[in-house]
Amino acid sequence: MGTFYEGQFRVDSRDVDLFNQCRPSALLGILQEAATQAALALGASGPEVLAKYNCLWMVTRSWVELDAPLRWNDLVDVKTWHRGASGASSYRDFDLFRDGKAVGQGSTLWVMVDADSRKLFRMKELAEFQGTDGGELCKSVKLHRIPMPEEFDNRVRRDLRYSDTDINGHVNNIHYADFACDSLHLEELGRGKFVRSLQIGYVNECRAGETIWVDTAARGDELLARGSGEDGVERFEFSLTLADL
């Protein structure tokens with residue numbers, strides 16, 4: 001069967017939006033916490049890999065899809081596992097359940113980088129991942145760069161502050177979903193709908209005190225956003241699809 005972690009998470013009042021749906025950032029937060037607890041169970045949490053390998057975990061891409069929205073007070077059971085430790089990256093997969101029924105799935109792509117140089121760590125040297133993958137549970141989905149349009153419809157400025165940061169000193173990955181959804185005006189576009197799927201690619205780090213510009217566009221049913229620094233260097237890319245309730 002393989003090795004996996006199971007945890008239960010409640011969608012609380014801090015997680016829902018004006019439509020009483022779990023915000024995309026909060027959904028990613030649930031996956032992030034499940035991944036953190038799974039890494040703890042394997043002895044490969046952030047503090048542990050920093051102490052042993054002088055490395056930091058960084059997520060480079062995230063994807064999640066839902067069959068129905070998650071709402072306030074829902075209990076979400078998450079099953080998660082990694083796909084092994086070869087090359088410079090490792091996938092972590094997720095299955096989400098509510099009341100015993102599957103309600104969604106996701107995958108995230110992780111790397112480990114040297115805390116000082118930011119050079120990639122060779123995953124095959126991560127002893128804690130040897131023989132602890134999900135086996136037959138592992139998904140086949142691969143996460144690639146999101147194709148961006150040549151031209152965008154709108155541009156929004158975003159100043160990055162203390163509240164955006166995490167333990168690694170950079171902007172936490174879940175906040176990029178907030179930057180994108182705010183810039184796309186999901187408070188208008190999301191009426192009568194729910195987030196069917198989303199994907200984020202984290203291209204370059206962002207830190208408190210910086211300013212980014214978020215460009216947005218629509219391509220059929222897909223809503224797109226791209227964040228760039230004042231230097232023009234791309235920081236993240238984002239894709240979201242909505243479905244009727």
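The values are calculated or read from the model by the stated rules, or taken from the named source; none is laboratory data. Keep in mind it's a predicted model, so treat the numbers as computed, not measured. Backbone-built Cβ (ideal geometry, glycine too); neighbour counts: all protein chains shown. Just the protein is used for accessible areas: all its heavy atoms, side chains included, with ligands, DNA and RNA removed. Shrake-Rupley method; radii C 1.70, N 1.55, O 1.52, S 1.80 Å.
Overview of values
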read-out	value
Residue list for region 145-168, filter: of a type outside the set (Val, Ile, Thr) and out of contact with any strand residue (DSSP E or B) (no Cβ under 8 Å at 6 or more places or on another chain)	PRO147, GLU150, ARG161, TYR162, SER163, ASP166
Sole residue being outside any loop (DSSP other than H, G, I, E, B), out of contact with any Phe, Trp or Tyr (no Cβ under 7 Å at 6 or more places or on another chain) and of a type in the set (A, V, I, L, M, F, W, C), chosen from VAL111, VAL49	VAL111
Scope region 178-193; condition assigned to a loop (DSSP other than H, G, I, E, B) and aliphatic (A, V, I, L, M); matching residues	LEU184
Looking only at region 203-226, and only at residues there that are touching a helix residue (DSSP H, G or I) at 6+ places or on another chain (Cβ under 6 Å) and assigned to a strand (DSSP E or B), the one that is surrounded by the most Cβ atoms within 10 Å (Cβ to Cβ)	ALA225
Residues satisfying the stated conditions in region 84-104, i.e. over 20 Å from TYR202 (Cα atoms) and open to solvent by 30 Å² or more (accessible area, probe 1.4 Å)	SER86, ASP95, PHE97, ARG98, ASP99, GLY100, LYS101, ALA102
Subset of region 142-165 [open to solvent by less than 40 Å² (accessible area, probe 1.4 Å) and either of a type in the set (A, V, I, L, M) or in a strand (DSSP E or B) (or both)]	LEU143, ILE146, LEU160
Any pair with Cβ under 8 angstrom, 6 or more apart, that starts in region 27-54 at a residue that is under 16 Å from LEU109 (Cα atoms) and open to solvent by 60 Å² or more (accessible area, probe 1.4 Å) and ends at one that is aromatic (Phe, Trp, Tyr) and at pLDDT 95 or above	GLU33/PHE9
Hits in region 1-18 - residues which are part of a strand (DSSP E or B) and either among the aliphatic types (A, V, I, L, M) or open to solvent by less than 40 Å² (accessible area, probe 1.4 Å) (or both)	GLY7, PHE9, VAL16
Pairs, first in contact (Cβ under 8 Å) with a residue 40 or more places away in the chain and under 23 Å from ARG207 (Cβ atoms) in region 148-167, second polar (S, T, N, Q) and surrounded by 11 or more Cβ atoms within 10 Å (Cβ to Cβ), C-beta under 6 Å, six or more apart	VAL156/SER183; ASP159/THR211
Selection status of ALA243, surrounded by fewer than 19 Cβ atoms within 10 Å (Cβ to Cβ), in a strand (DSSP E or B) and in contact (Cβ under 8 Å) with a residue 12 or more places away in the chain	yes
Count of residues meeting criterion [in a loop (DSSP other than H, G, I, E, B) and over 21 Å from LEU143 (Cβ atoms)] in region 119-131	3
Residue satisfying all of: in region 123-141; in contact with a Ser or Thr (Cβ under 9 Å, 6 or more places away or on another chain) and open to solvent by 60 Å² or more (accessible area, probe 1.4 Å); nearest to ASP215 (Cα to Cα) among these	LYS124
Filter result (outside any strand (DSSP E or B) and either within 18 Å of the chain's Cα centre (by Cα) or not aliphatic (A, V, I, L, M) (or both)) within region 65-106	ASP67, PRO69, LEU70, ARG71, TRP72, ASN73, ASP74, ARG83, GLY84, GLY87, ASP99, GLY100
Among (1) part of a strand (DSSP E or B); (2) touching a helix residue (DSSP H, G or I) at 6+ places or on another chain (Cβ under 9 Å), the one test that ARG196 misses	(2)
